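Taken together, the values in this text are just the output of simple stated rules run on the coordinates, not laboratory data. Just so you know, these numbers come straight off a predicted model, no measurement behind them. Ideal geometry is used to build each Cβ from the backbone, glycine not excepted, and the neighbour counts take in all protein chains shown.
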Amino acid sequence: MLIIKYTPAFRERCIEIFKSNLPKFFAPEELQFFEAFLDGDIKDNYFVVKDDQQVVACGGIFLNEATDEAGLSWGMVHAQYHLKGIGKVFTQYRIDLLKQLYPAKNYKIETSQHTAAFYEKNGFKTVDIIQDGFGKGIDQYIMKIDHTMIDK
């Protein structure tokens, strides 16, 4: 497994990964937001995971200076590669990167009821739930890690 920086050459594969997670993990209407995200200035904070030369996951980190928070953004593993430990390793990689780059920030993720338990295992705590926040049947879980509570 190799984690490398995202480049536009990976755009179509990342969209395929997104689509493989429809409709359980993402609402169809989110695709346009993801595509706009990929077309933005993400070169330094978005990554892909390659396994046997195939891109199988993508995800990033962010810093929001207005809220003084950093966090995880648009993380996903291709549906064919779920439950193989890729998400666990990749999430830890991104949390470690947050600790390195933004050690004094609180960390945030917005996810759904389908992955909230996964992120709880990684230290995130649910602070708010918005019913149908991402789309019909996909609740928005706002989860955070207080930087004073994590191992640096």
Exercise for the section: Report, by residue number, each residue of the stretch 116-144 that is assigned to a loop (DSSP other than H, G, I, E, B), exposed (fewer than 15 other Cβ atoms within 10 Å of the Cβ) and on the phi < 0 side of the Ramachandran plot. Expected result: LYS136
Fill in the blank from the handout: Taking the stretch 82-115 and keeping residues of a type outside the set (Ser, Thr, Tyr), in contact with a His (Cβ under 8 Å, 6 or more places away or on another chain) and either in a loop (DSSP other than H, G, I, E, B) or under 25 Å from GLY135 (Cβ atoms) (or both) leaves PRO103, ALA104, LYS105
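Is at least one residue of the stretch 107-127 among the charged types (D, E, K, R) and more than 16 Å from the chain's Cα centre (by Cα)?
No, the stretch 107-127 has no match at all.
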Completion exercise
Here the residues within the stretch 2-13 that are surrounded by 13 or more Cβ atoms within 10 Å (Cβ to Cβ) and under 9 Å from VAL48 (Cβ atoms) are ILE3, LYS5, TYR6, PHE10, ARG13
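Table: residues versus (1) surrounded by 13 or more Cβ atoms within 10 Å (Cβ to Cβ); (2) over 16 Å from the mean Cα position of the chain (by Cα); (3) within 17 Å of ILE109 (Cβ to Cβ); (4) aromatic (Phe, Trp, Tyr).
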{"position": "ILE15", "(1), (2), (3), (4)": "yes, no, no, no"}
{"position": "ASP52", "(1), (2), (3), (4)": "no, yes, no, no"}
{"position": "ALA70", "(1), (2), (3), (4)": "yes, no, yes, no"}
{"position": "SER73", "(1), (2), (3), (4)": "yes, no, yes, no"}
{"position": "HIS78", "(1), (2), (3), (4)": "yes, no, no, no"}
{"position": "LYS84", "(1), (2), (3), (4)": "yes, yes, no, no"}
Practice task
Identify the single condition in (1) in contact with a strand residue (DSSP E or B) (Cβ under 7 Å, 6 or more places away or on another chain); (2) among the acidic types (Asp, Glu); (3) free of Cβ contacts under 8 Å to residues at least 24 places away in the same chain that ASP146 does not satisfy, given that it satisfies every other one.
Solution key: (3)
Problem - Inter-residue pairs, beta-carbon under 7 Å, first more than 20 Å from ALA79 (Cα to Cα) and in the stretch 25-46, second surrounded by 10 or more Cβ atoms within 10 Å (Cβ to Cβ) and basic (Lys, Arg), 6+ apart - result: LYS43/LYS5
Completion exercise
Result of the Cβ filter at 8 Å on the stretch 119-138, keeping first residues that are touching a residue at least 12 places away in the same chain (Cβ under 8 Å) and partners that are in a strand (DSSP E or B) and exposed (fewer than 14 other Cβ atoms within 10 Å of the Cβ), at least 6 apart or interchain, is ILE138/ASP132
Handout entry: Unique residue being closer than 16 Å to SER112 by Cα, of a type in the set (D, E, K, R) and in a helix (DSSP H, G or I) when the list is GLU16, GLU12, GLU29
Key = GLU29
Handout entry: Verdict on GLY75 being assigned to a strand (DSSP E or B) and closer than 22 Å to CYS14 by Cα
Key = yes
Exercise for the section: State whether one or more residues within the stretch 140-149 are hydroxyl-bearing (Ser, Thr, Tyr), closer than 24 Å to LEU38 by Cβ and out of contact with any Asp or Glu (no Cβ under 9 Å at 6 or more places or on another chain). Expected result: no
